[in-house]
Structure formats: C-alpha cells, structure tokens
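The values are calculated or read from the model by the stated rules, or taken from the named source; none is laboratory data. Values in this document were obtained by computation on a predicted structure and should not be read as measured data. Cβ placement follows ideal geometry from the backbone for every residue including glycine, while neighbour counts extend to all protein chains displayed.
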Amino acid sequence: MNKPILPGVLALSAVVLALFAFWLVWYDCRIEPGNGEIAILIKKTGKTLPGDEIVAISSEYKGIQLDVLGEGRYFRNPYVWDWEIVPVTDIPAGKFGVLVRKFGKNLPEGQIIAPDDSTKGIVRDVLGTGKHRINPYAYDVKICDDIVIMPGNIGVVANLSGKDIFSGAANDLADAKGFLTAPDRKGVQERVLKEGTHRINPYIQSVAIVNIQSQRYEFSGKDSIGFITLDGFQISLEGTVEFNISADSAPCLTQEVGNMEDIMKKLILPSVSGFARIEGSKKSATEFIVGESRQIFQNQLEEFLRKNCRNWGISINSVLIRDIIPPQEIASIIRNRELAQQEAKKFHQQIEQAKSATKLERQRMLALQSKSKVQAETEKITSEIAAQQAQLEKLIAAKTELDAAKFQYQTAEAEAKAMLVLAEADRNVIAARNQSEVEVLKRNILAFGSGAAYVRGKFYGKIAPNIETIMTNGVSGGTFGLPFAPAVSKPWTEGVK
C-alpha cells in the first residue's frame, strides 16, 4: 500500500524543490539596476587584495570590483557575490566632471596628475554633460562649471602642472617673453582661448578671462591730474583716455602688470601724469586757457601715450581733455579778456556778414539781370528757330507737291504709252485678222471661178436649207433664172467652201 504513495510524494517534493530553487534564484540571485542606476559587485571569494588596494581590477580578487553593471537584469551566486545598487553620476548642463582615481600606483613626489590608467591621482580627461557609470569606490567626481568666454574677451591659460625648477628643469632665462613658458612647463602660456565654451581641467590649467574691448579711464575730480605751470600756477586736467589691449599681448601683460585696474593705475595714469607734469611745466597758465595750446597739448599727450603704451601691447584709441581748471586768481581776468576778444570777434564777424550780405545782394541783382538777358536772347533764338522751321516746313511741302506732280506726270505718260502700245497691238491684230479674211476670200473666189459665182454660192448656202421644191416655167429651164434639179437628196452646195 506504500508503493503507490511514494511516487506522488517524490513528484510533490520535486515540484516544491523546483519552486524553492526558482524563488531562491529570483529573490537571492537577481540583480536588477533600474533606470539611472548601476550595480557595484563585491566578491566574497578569491585572492586577497594587497593592503594598499581598495578595488579589484579583475574577478580573481576578493573585494569591490572595478567594473559595474548597468541597467538590466543579471544573476549572480549570492554565496560568491554581493552587490550594491547606487545612482549613476549625472553631470548637468553647463558643467563637466573631473575624475580622481583612488586605486593604482602612487604618484611620484610633487605630481597630482595621473600619467596613465594604472596610477592614482587626477585624470587628465574630463567628463562631459550627461550620465556616466562611474564606480564611486574607484573614482571621485568633482563637478566644475564650464568656462564661458563671451565675445570681446579671451582666456589667458596658465599651466598648473608640468616641468619647473622644483622638478629639476631649470628656467629658460633666454626667453624674451617674460613670464610666458613652454607648453610642457608650469606658468602662463602664449596661446589664449577664444570666445566660446571650454572645458579645462582646473587641476591642470587655470583660465583668467581678460576683456580686450575698448576700456575708458577717466581722470576727474580727486583723480584729476595737477601740475605747476612755467609761471608757477597750479593747473588741473580732467579728461578721458580710451584704450584696449591686444589678444597677443594679454598673457604677458596680465601676468607682469595685473588686471585691468592695475593696467590703468600702473601704466595709463603714470604715463598721463608724467607727461602733463613735464610738458605742462614748459607752458604758462595763459596758454592752457586761451589760444590753440590746449588742442596742441592734447595732441601731444595722445601721441606720447600711443608711443609709450605700444611697447606693452596697449592700443590708445583716443585722448580727450574735457576741462582745464586754472587758478581762480587769474581765471576771472583771463576769462574777461577772453570775453572781450570774443565780443570783438563777434562785431568783426557781424561787419563781415554785412559785407557778405551786400555782396550777395549785388550778385543776386547781377544774376537777375543776367537771367533777364538770357531769357530775352532765348526768346529771340526761339523765334528765329520757329521762323526757320516754318520756312523749312513750307519748302518741304512745296518740294513734296512738286515731286508728287512729277510722279503723276510720269504715271500719266506711262499710261499713255501703255495705251498706245495696246492700240498698236489691237490694230496689228485687226490688220492681221483682215488680212487673213482677205486671203480666205481670195481662195474662195478662186475656188468658185469668179466673184459672182462666189456670191451666188454664198447666197445659195443661206437660202438652200429652207427650200424643198421650186416649180418654174422659165425659158431657160430654171426658176427665177436659177438652175433647177428636180430630185436632190441633199443640198447641192455641200462641199462648196
């Protein structure tokens, strides 16, 4: 009785065992990273990692594995493997990532950039915008902002890593470009970044954005330039200098001098102040208030600044002296004298304007007179031309009528000749026809023997068709003197022409 039960128990046990195995595989062996996730594998068996390593670069070693599993479904033996599901590295728009490798060989002393994939340190290449499957136990990710260089600006690049005196590479003192260095050395580079978006590893290079558009420096108020004139008066200048630095000179200039404010205070202001003090002390106070000395002084200052700043790579666009402030004790005197001179110039200009007005009026009258004369001459010429044209039209009309009459005469003459030719032709035709009829008549008369016989024949031909019989008792045996044939079957004249 136990034999039939045993197969059923075995089958049920097999089903239960299969369900348990499926449950064990599905719930204990299944690895299923979702969207935006990765799975980090941790091996429980295998070789032991060296003490200075934290990540296993192959599956032979125990510990955290370098490779990760992306989105999907995987199955691993839970007695051999363990795992951890973490989010992927998401770098937003406008930023980039810098990798710091935590595993590998130690860097040489003084270096921070990993030269290859087997060395710890900062990775030279950067990560762009997007999602990346980065093992957080193997790498640290530093999020940095994109370097955006707007139009009118450039980026001055400085190498933070490379050869230097501390690494045993002596400085090249023969380089005439000052602070600029070769691409493989630390220091400021000659090559600059143009406008646009750049992703520069901030641990390898630093970028300083420099404005190369036109800049304005104003020296006014407390920043006005003061100097003493030749006659001992204090003069103050207020004005504006517009300048810009070139892209080629920006790397050296920004490192040797500084930023834009340093350029203004260390180069532009000393140049303007020095020139004003030197050249201003050669002139009297009056020359800066009246006359053309002010414009000459401004032109000289602009020329000096252009020449002096060109050596630094600075372009002077314009120099404008807005105001020259003289001492109050001489300003009113000079101003009154200037006003008097201006009034005198004003009266002189009024006199000249009156003269000019009189001259213009005279010229206007002469112009009117000339205009009237021209109009009269024009009318005279117009009348003569009209008369000549009318005469010419009449001559042309008479000539046209004469030519038409000649043509009509020639046409009539031609028609008369044609009519004479036609009449002559008709006459010739009639004469030829008459001649032909005469010849026919002659031949007929000859055929009949005489003219009388021909007439009788013609007469008989006319009346014979209408006569059937004629009865006569004439002496001559004919009727009315005509011969008679008693029985004629056809006209007797048949055959007579």
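Keeping to the stretch 25-76, report how many residues are crowded, with 16+ Cβ neighbours inside 10 Å, modelled with pLDDT of 90 or more and part of a loop (DSSP other than H, G, I, E, B).
1
I'm told Gly130 meets every condition in (1) closer than 30 Å to Thr197 by Cα; (2) over 47 Å from the mean Cα position of the chain (by Cα) except one. Can you identify the failing condition by its number?
Just one mismatch for Gly130, condition (2).
Give the residues of the stretch 213-257 that are part of a loop (DSSP other than H, G, I, E, B) and under 19 Å from Arg310 (Cβ atoms), sorted by residue number. Don't jump to the end; show me each part of the working.
Within the stretch 213-257, the subset part of a loop (DSSP other than H, G, I, E, B) is 213-214, 220, 224, 229-233, 246-249, 257.
If the condition is that a residue be part of a loop (DSSP other than H, G, I, E, B) and under 19 Å from Arg310 (Cβ atoms), then Gln213, Ser214, Ser246, Ala247, Asp248, Ser249, Val257 are the ones that fit.
Could you please let me know if Gly110 is in contact with a helix residue (DSSP H, G or I) (Cβ under 7 Å, 6 or more places away or on another chain), outside any strand (DSSP E or B) and surrounded by fewer than 14 Cβ atoms within 10 Å (Cβ to Cβ)?
Judged against the criteria, Gly110 is a match.
Every residue, every condition in (1) assigned to a helix (DSSP H, G or I); (2) closer than 30 Å to Val210 by Cβ; (3) modelled with pLDDT under 80, yes or no:
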{"residue": "Gly291", "(1), (2), (3)": "no, no, yes"}
{"residue": "Gln298", "(1), (2), (3)": "yes, yes, no"}
{"residue": "Trp312", "(1), (2), (3)": "no, yes, no"}
{"residue": "Ala331", "(1), (2), (3)": "yes, no, yes"}
{"residue": "Asn336", "(1), (2), (3)": "yes, no, yes"}
{"residue": "Leu339", "(1), (2), (3)": "yes, no, yes"}
{"residue": "Leu360", "(1), (2), (3)": "yes, no, no"}
{"residue": "Arg364", "(1), (2), (3)": "yes, no, no"}
{"residue": "Lys373", "(1), (2), (3)": "yes, no, no"}
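If the Cβ limit is 6 Å and pairs must be 6+ apart or interchain, which residue in the stretch 33-51 that is at positive phi pairs with which residue that is of a type in the set (A, V, I, L, M, F, W, C)?
Gly36/Val88
Suppose the filter is at pLDDT below 85, under 18 Å from Asp262 (Cα atoms) and not polar (S, T, N, Q); does Phe179 pass it?
Numbers: at pLDDT below 85: yes; under 18 Å from Asp262 (Cα atoms): yes; not polar (S, T, N, Q): yes.
So Phe179 passes the test.
Asp90: within 55 Å of the chain's Cα centre (by Cα) and at pLDDT 85 or above, yes or no?
yes
Residues that are modelled with pLDDT of 90 or more, over 33 Å from the mean Cα position of the chain (by Cα), hydroxyl-bearing (Ser, Thr, Tyr) and surrounded by fewer than 18 Cβ atoms within 10 Å (Cβ to Cβ): does the stretch 162-171 have at least one?
The answer is no, given that none of the residues of the stretch 162-171 is modelled with pLDDT of 90 or more, over 33 Å from the mean Cα position of the chain (by Cα), hydroxyl-bearing (Ser, Thr, Tyr) and surrounded by fewer than 18 Cβ atoms within 10 Å (Cβ to Cβ).
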